[in-house]
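Chemist: One structure is given below, represented as structure tokens, and several questions about it will come after.
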Amino acid sequence: MARIVIPEAEALLDQEIRCLDKGFVRLVDYLGGDQRIVQAARVSYGAGTKSVRQDKGLIHYLLKNEHTSPFEQVVLTFHAKMPIFVARQWVRHRTARLNEISGRYSIMKDDFYVPEADQLRKQSSDNKQARSEEGLSSEIAESIRIEMAEDQAEVYKHYEGMLEHGLAREIARNNLPLSLYTEWYWQIDLHNLFHFLRLRMDAHAQYEIRVYAEALAQCAKAVAPMAYEAFEEHVLGSVRFSKAECAALAQMLSGAKHNLEGRTLDGFEKKLAKLRTAVPADTGEEFTGVTP
């Protein structure tokens, strides 16, 4: 079987998609595309036996009903450069293969991440792991940016001094901070990439990793546009309700109270809020939601 070639993906190969101040994502290689997904699903059929419309319908059906194995036939390989703290979140997705630059073998570059002033925000009052929407004054934000850059320069100067004294690279890297940029080659199949994107493109994900997720999504869309459209429709833009939440919806639609409380109610209301913003865009009709 001939290699599947997608012109949109070919145009992206080895092109840097800039991320943050010094980072990037590059699509290095890909295997398969929409055609490979439908070939895998219709394993007994040859290419060209179905129309584009039928192929699109099949891909939507597969993704909607969580028939994931055909999407695993599509593989993307990336070269990415990101701050270490982003990499430590990224590497939690263990269904990929990666090879990262090593500070034991290489002298680490003088590349550090300094956030833009608009990303220097106060700690969230209701989310222990996130920043709030409230920013710092421009004067304080700029002074913090300068302080970060000065600290990074000082630490890197000490790192260089340790190397000049002959200290082993694997020890000298010890004091380098999480803002240091690292690089890796990262290979993942389309099913697991969609799982990564579902989590890391979410509004609750940290801003810095969302930037990289959006760059990866651009590549996924180029390699498998019909599959990415199905992902947007059935995963990224969808809302999933639990058993208790479905029962609450049924109660509310009948005019009764939902009986939800605490964190369950908070999550339920957030899902309803997502519906209120999504439905008008699809139907042109106002969605007011349901009230207890």
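The values are calculated or read from the model by the stated rules, or taken from the named source; none is laboratory data. What you are looking at is a predicted structure, and each value in this text was computed from that prediction instead of being measured. Positions of Cβ are generated from backbone atoms using ideal geometry, with glycine treated the same way; all protein chains shown enter the neighbour counts.
One line per residue, one yes/no per condition, for (1) of a type in the set (S, T, N, Q); (2) surrounded by 15 or more Cβ atoms within 10 Å (Cβ to Cβ); (3) over 13 Å from the mean Cα position of the chain (by Cα):
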position	(1), (2), (3)
ILE209	no, yes, no
GLU233	no, no, yes
GLU245	no, yes, yes
LEU260	no, yes, yes
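Chemist: All but one of (1) assigned to a helix (DSSP H, G or I); (2) hydrophobic (A, V, I, L, M, F, W, C); (3) over 28 Å from ARG131 (Cβ atoms) hold for PHE241, so report the exception by its number.
Modeler: Result: PHE241 fails condition (1) only.
Chemist: Would you check if LEU120 is surrounded by 18 or more Cβ atoms within 10 Å (Cβ to Cβ) and either in contact with a Leu (Cβ under 6 Å, 6 or more places away or on another chain) or on the phi > 0 side of the Ramachandran plot (or both)? Talk me through it step by step, then tell me what you get.
Modeler: Details: surrounded by 18 or more Cβ atoms within 10 Å (Cβ to Cβ): yes; either in contact with a Leu (Cβ under 6 Å, 6 or more places away or on another chain) or on the phi > 0 side of the Ramachandran plot (or both): yes.
Judged against the criteria, LEU120 is a match.
Chemist: Condition check: modelled with pLDDT under 95 and either of a type in the set (Lys, Arg) or surrounded by 12 or more Cβ atoms within 10 Å (Cβ to Cβ) (or both). Does ARG173 satisfy that?
Modeler: The answer is no for ARG173.
Chemist: Quick one: what pairs do we get from segment 187-200, first residue in contact (Cβ under 8 Å) with a residue 24 or more places away in the chain, second among the basic types (Lys, Arg), C-beta under 6 Å, 6+ apart or different chains?
Modeler: Between residues of segment 187-200 that are in contact (Cβ under 8 Å) with a residue 24 or more places away in the chain and residues that are among the basic types (Lys, Arg), the close pairs are GLN187/ARG97.
Chemist: Now for a different question. Scan segment 178-228 for residues that are under 19 Å from LEU31 (Cα atoms) and either modelled with pLDDT under 95 or acidic (Asp, Glu) (or both) and jot them down.
Modeler: Within segment 178-228, just ASP189 meets the criteria.
Chemist: Please tell me if TYR30 is at pLDDT below 95 and more than 17 Å from the chain's Cα centre (by Cα).
Modeler: Details: at pLDDT below 95: no; more than 17 Å from the chain's Cα centre (by Cα): yes.
No, not satisfied.
Every residue, every condition in (1) surrounded by fewer than 16 Cβ atoms within 10 Å (Cβ to Cβ); (2) farther than 21 Å from ALA213 by Cα; (3) among the basic types (Lys, Arg), yes or no:
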position: ASP55; (1), (2), (3): no, yes, no
position: ILE59; (1), (2), (3): no, yes, no
position: GLU66; (1), (2), (3): yes, yes, no
position: LEU76; (1), (2), (3): no, no, no
position: PHE85; (1), (2), (3): no, no, no
position: GLN89; (1), (2), (3): no, no, no
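Here is a yes/no grid of residues against (1) of a type in the set (Ser, Thr, Tyr); (2) closer than 15 Å to ARG104 by Cβ; (3) in the same structural domain as GLN89 (by TED's automatic domain parsing):
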{"position": "GLU147", "(1), (2), (3)": "no, no, no"}
{"position": "GLN152", "(1), (2), (3)": "no, no, no"}
{"position": "TYR185", "(1), (2), (3)": "yes, no, yes"}
{"position": "HIS191", "(1), (2), (3)": "no, no, yes"}
{"position": "PHE194", "(1), (2), (3)": "no, no, yes"}
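Chemist: How many residues, within segment 97-125, are touching a Pro at 6+ places or on another chain (Cβ under 8 Å) and either more than 24 Å from PHE196 (Cβ to Cβ) or in a helix (DSSP H, G or I) (or both)?
Modeler: Within segment 97-125, residues that are touching a Pro at 6+ places or on another chain (Cβ under 8 Å) and either more than 24 Å from PHE196 (Cβ to Cβ) or in a helix (DSSP H, G or I) (or both) number 1.
Chemist: Which of the following residues is surrounded by fewer than 16 Cβ atoms within 10 Å (Cβ to Cβ) and more than 16 Å from ALA224 (Cβ to Cβ): LYS109, LYS81?
Modeler: Working: LYS81 fails: surrounded by fewer than 16 Cβ atoms within 10 Å (Cβ to Cβ).
From the options LYS109, LYS81, the qualifying one is LYS109.
Chemist: Residue check: is ARG36 of a type outside the set (A, V, I, L, M, F, W, C) and surrounded by fewer than 17 Cβ atoms within 10 Å (Cβ to Cβ)?
Modeler: Numbers: of a type outside the set (A, V, I, L, M, F, W, C): yes; surrounded by fewer than 17 Cβ atoms within 10 Å (Cβ to Cβ): no.
No, not satisfied.
Rundown of residues vs (1) under 30 Å from VAL235 (Cβ atoms); (2) acidic (Asp, Glu), yes/no style:
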residue	(1), (2)
GLU154	no, yes
MET162	no, no
LEU167	no, no
LEU178	no, no
THR182	yes, no
LEU190	yes, no
PHE194	yes, no
MET201	yes, no
TYR212	yes, no
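Chemist: Still on this structure, I have one more. I need the full set of residues from segment 126-147 which are over 26 Å from the mean Cα position of the chain (by Cα) and part of a helix (DSSP H, G or I), in order please.
Modeler: Start the filter on segment 126-147 by keeping residues that are over 26 Å from the mean Cα position of the chain (by Cα), which leaves 136-144, 146-147.
Scanning segment 126-147 gives SER138, GLU139, ILE140, ALA141, GLU142, SER143, ILE144, ILE146, GLU147.
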